[in-house]
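The values are calculated or read from the model by the stated rules, or taken from the named source; none is laboratory data. Owing to the predicted nature of the structure, the values given are computational and were not obtained by experimental measurement. Cβ atoms come from the backbone with ideal geometry, glycine included; neighbour counts cover every protein chain shown. Ligands, DNA and RNA are stripped out before the accessible areas are found, and what is left, the full protein with its side chains, is counted by its heavy atoms. Shrake-Rupley method; radii C 1.70, N 1.55, O 1.52, S 1.80 Å.
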Amino acid sequence: MNETIRDFLTTKRLASMQAFFDAGIKRFSKITLEELRRAMAIVEKENTQYVEDEFSFDDRRILVWTKDKSKIGQECILHFHSGGYVTGDELTGAQFCQALYNESGRTILCPDYPLCPEVTIPEIVDWSLKLLLDLKKRGVKRFILTGTSAGANLVTLCALENAKRSDQLDIKEIHLITGHYQSDFDSDSANRYESGEESGLSKSMLLKLLDYAISDRDIHLQDPDIFPLYSDDLFLLPRTNIYVAKYDVLYEDSIMFYEKLMREGVQVSFKEFSSGFHAWTNYVLECDELLNYAKNNIFNEILKDNK
C-alpha cells in the first residue's frame with residue numbers, strides 16, 4: 001500500500017476509535033447498533049462543510065450539488081452511501097459528491113435512504129426507486145447511479161428491479177465502488193484483512209453489520225433480492241463499472257461479481273486500486289492520493305460519455 005495512504009488510513013482509524021470512546025463505547029466487541037450509529041455521527045459531523053443545497057423527499061434529506069438551484073436538470077447522478085445498510089447517511093457520501101461536482105459541474109444527489117432493521121433491504125430498494133420516479137416528475141430523464149459498499153449493492157438491486165418494471169426509468173449506467181454482492185465471507189481477502197488495519201473494514205464488523213441488517217441471515221444466504229450475485233436476471237443490468245480496492249475484505253466479492261457479469265453478457269468494466277481500502281471514496285477530499293485516483297479512474301468514467 002502507498003505509504004501516504006497507509007498513514008492516512010491509520011489516522012482515520014485512530015479518529016474513529018476516539019469517536020467510539022466519545023460515544024461511550026468501551027468494549028468494541030459488544031458494540032450495539034445504537035452506539036455504532038452515534039459514533040458514526042461524530043465521525044461524519046465534519047462533512048457538513050460540504051453541504052451546498054438540499055431538499056426533502058418522504059421526510060428524508062437529499063443533498064444536492066448543482067449549478068442551477070432552480071431545477072435539477074434532465075440528467076443527474078445519484079450517489080448511494082456506504083454503511084452496511086444499518087448506519088451512515090447523506091453526509092457519508094458528501095466528500096465523494098463534492099469532489100465529483102468540483103470536477104464536473106454536473107447535478108449530483110446523495111439521499112438519506114432508510115436503514116435496516118427499521119425496514120428491509122427490498123423496502124429500501126422500493127424507496128429508492130420511488131425517489132427516482134419523483135425526480136422523473138421533476139424533469140429528470142436519465143440517471144447515472146453510483147454507490148459505495150452497501151450503496152453499490154443497493155444501486156445494483158435498484159437497476160435490476162427497475163429493469164423488470166413496466167414503467168422503467170432510464171438508468172443509463174451504474175458505478176459500483178468496493179461493493180458487496182454475495183453472502184459467503186470465507187474468502188481469502190476476508191480472512192487476510194480480518195483485523196481491518198489495512199482494509200478499513202474487518203470481517204467481524206462486516207458480519208456484525210449483516211446481522212443487524214438481516215433478521216435471519218441463514219434464511220437469506222442466497223436471496224437474490226439481497227445478494228445480487230445469486231440473481232438470474234443480471235443480464236438485465238445497464239452498463240456497469242466495478243471499482244475494487246486491493247486492501248479490502250470484499251476484494252474477491254467484486255471479482256466474483258465481475259466474472260459473473262461477463263458470463264451474463266453485461267457491458268462491464270473493472271478497475272483495481274492497488275493502494276485502495278474499503279469505502280475509500282468517503283475520504284477523497286482529505287487525501288490527495290485518493291482524490292487523484294478518483295479523478296483519473298472513476299470520475300473520468302462517469303463523465304466519459306456524459307460531458
Legend entry - Dipole-positive endmost among 261, 287, 228 within the range 209-307 (Cβ charges, Cα centre): 287
Legend entry - Cβ charges +1 (Lys, Arg) and -1 (Asp, Glu), total dipole of the range 178-280, debye: 400 debye
Legend entry - Charge-dipole axis of the chain as Lys and Arg at +1 and Asp and Glu at -1 on Cβ define it, positive-most pick from 190, 86, 144: 144
Legend entry - Assigned charges on the beta-carbon of Lys, Arg, Asp, Glu; the chain dipole about Cα centre (debye): 720 debye
Inset, instruction - Quick one: pull the percent of accessible area on the chain belonging to carbon and sulfur, 1.4 Å probe, ligands and nucleic acids left out. - result: 46 percent
Legend entry - Three-way shape label, the chain, alpha-carbon gyration tensor, a/c 1.5: rounded
Inset, instruction - Could you name the aspartates and glutamates whose alpha carbon sits less than 16 Å from that of residue 203, not counting residues in the same chain fewer than 8 places away? - result: 184, 186, 188, 194, 211, 248, 252, 253
Inset, instruction - Could you state the accessible area per residue of the chain in Å², with a 1.4 Å probe and every protein chain left in place? - result: 43 Å²
Legend entry - Candidates per GluC sites (Glu not before Pro) in the range 106-212, loop by DSSP, up to 11 other Cβ within 10 Å: 118
Legend entry - Gyration tensor (alpha-carbon) shape descriptor, the range 217-307, a/c threshold 1.5: oblate
Inset, instruction - Normalising by the residue count of the range 239-307, find the relative contact order in percent from Cα pairs under 8 Å and 6+ residues apart. - result: 34 percent
Legend entry - For the range 113-180, size of Cβ-based charge dipole, Lys and Arg +1, Asp and Glu -1, in debye: 360 debye
